[in-house]
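Encoded as structure tokens, the structure appears first; notes follow it.
The values are calculated or read from the model by the stated rules, or taken from the named source; none is laboratory data. All values reported here derive from a predicted model rather than from experimental measurement. Counting neighbours? That spans all protein chains shown, and the Cβs are built from the backbone with ideal geometry, glycine included.
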Amino acid sequence: MLGPGESSPDILRATGGVKQVPSPKLELLVADDFLPAGLCGELIELIDANRRPSTLADHNGDDYFRTSETCDLDPAQPAVIELERRLREFNGIDPAHGEPVQGQRYAVGQEFKQHTDWFDPHGKDWEQYCTVAGQRTWTFMIYLNEVEAGGGTRFKVIGKTFQPETGKLLCWNNRKADGSGNVNTLHHGMKVRKGVKYVITKWYREKPWG
């Protein structure tokens, strides 16, 4: 039985047009046109208005590991309220288990090198970020625009790269069946070669957030 902070491929595929990537290594699904272009444009404006340099939970000594800009979106903004409504309807996850919606902006040359979204229970960042809400369960990432060149999201383990398209959603389960972090979710936000990439990311936790 699923917990309130979890979803499943069966739940997600109940929405028309959702495709699951055929792989035994991870649960990864794709939905084209998840958000309309108008809503994507409103979210881009919010990101541009409040962006700041992106940070890492666990700094690994590589100053170029994550070079994008980030924005924590105001949950009272109408565009964010509508985004959250659509996500809840889609994934069935209790909103109390969601982290605040985050937006990212990637200019030419910026990237987020290979990483996973889950936290290592033995890592130094576990106590700071996970003692209250627990591990991350699902990631929902939405491209807000198309990019002239580059900017794909590469899942190296399964040999799949997804290109930014306005409103396209990628989502994946960060854990294996036993609840441990799935190393096969390793992914790379590849360098933008021309243009600017905007992305929305929503993470969920095992326990209520905050």
- Message: Looking at G5, G41, can you tell me which residue is under 21 Å from N174 (Cβ atoms), surrounded by 14 or more Cβ atoms within 10 Å (Cβ to Cβ) and at pLDDT 95 or above?
- Response: G5
- Task: Please tell me if T137 is in contact with a strand residue (DSSP E or B) (Cβ under 6 Å, 6 or more places away or on another chain), surrounded by fewer than 17 Cβ atoms within 10 Å (Cβ to Cβ) and either in a strand (DSSP E or B) or among the acidic types (D, E) (or both).
- Result: no
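Answer yes if at least one residue in segment 34-45 is within 19 Å of H187 (Cβ to Cβ) and out of contact with any His (no Cβ under 9 Å at 6 or more places or on another chain), and no otherwise.
Let us first name the residues in segment 34-45 that are within 19 Å of H187 (Cβ to Cβ), namely 34.
When the remaining residues are screened for being out of contact with any His (no Cβ under 9 Å at 6 or more places or on another chain), the result is 34.
Yes, segment 34-45 contains at least one residue that is within 19 Å of H187 (Cβ to Cβ) and out of contact with any His (no Cβ under 9 Å at 6 or more places or on another chain).
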- Message: Of everything in segment 96-108, what is closer than 19 Å to I44 by Cα and of a type in the set (G, A, S)? Give them in sequence order.
- Response: G103, A107
- Filtering segment 8-38 down to residues that are surrounded by 14 or more Cβ atoms within 10 Å (Cβ to Cβ), over 17 Å from the mean Cα position of the chain (by Cα) and of a type outside the set (V, I, T) yields R13, S23, K25
- Query: Hey, any hits in segment 110-120 for a residue that's outside any loop (DSSP other than H, G, I, E, B) and among the charged types (D, E, K, R)?
  - Reply: yes
- Here are some conditions: (1) in a helix (DSSP H, G or I); (2) out of contact with any strand residue (DSSP E or B) (no Cβ under 8 Å at 6 or more places or on another chain). E84 meets all but one. Which one does it not meet? (2)
- Task: Report yes if some residue within segment 8-26 is of a type in the set (S, T, Y), closer than 30 Å to K124 by Cα and assigned to a loop (DSSP other than H, G, I, E, B); otherwise report no.
- Result: yes
- Here is a list of conditions, (1) basic (K, R); (2) more than 22 Å from T67 (Cβ to Cβ); (3) under 14 Å from the mean Cα position of the chain (by Cα), and K124 meets all of them except one; can you say which number that is? (3)
- Query: Does segment 14-22 contain at least one residue that is more than 21 Å from Q163 (Cα to Cα) and in contact with an Asp or Glu (Cβ under 9 Å, 6 or more places away or on another chain)?
  - Reply: yes
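Let's see how each residue does on (1) touching a Pro at 6+ places or on another chain (Cβ under 9 Å); (2) modelled with pLDDT of 95 or more; (3) buried (at least 18 other Cβ atoms within 10 Å of the Cβ); (4) not in a strand (DSSP E or B):
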site: R154; (1), (2), (3), (4): no, yes, no, no
site: L170; (1), (2), (3), (4): no, yes, yes, no
site: G179; (1), (2), (3), (4): no, no, no, yes
site: V199; (1), (2), (3), (4): yes, yes, yes, no
site: P208; (1), (2), (3), (4): yes, yes, no, yes
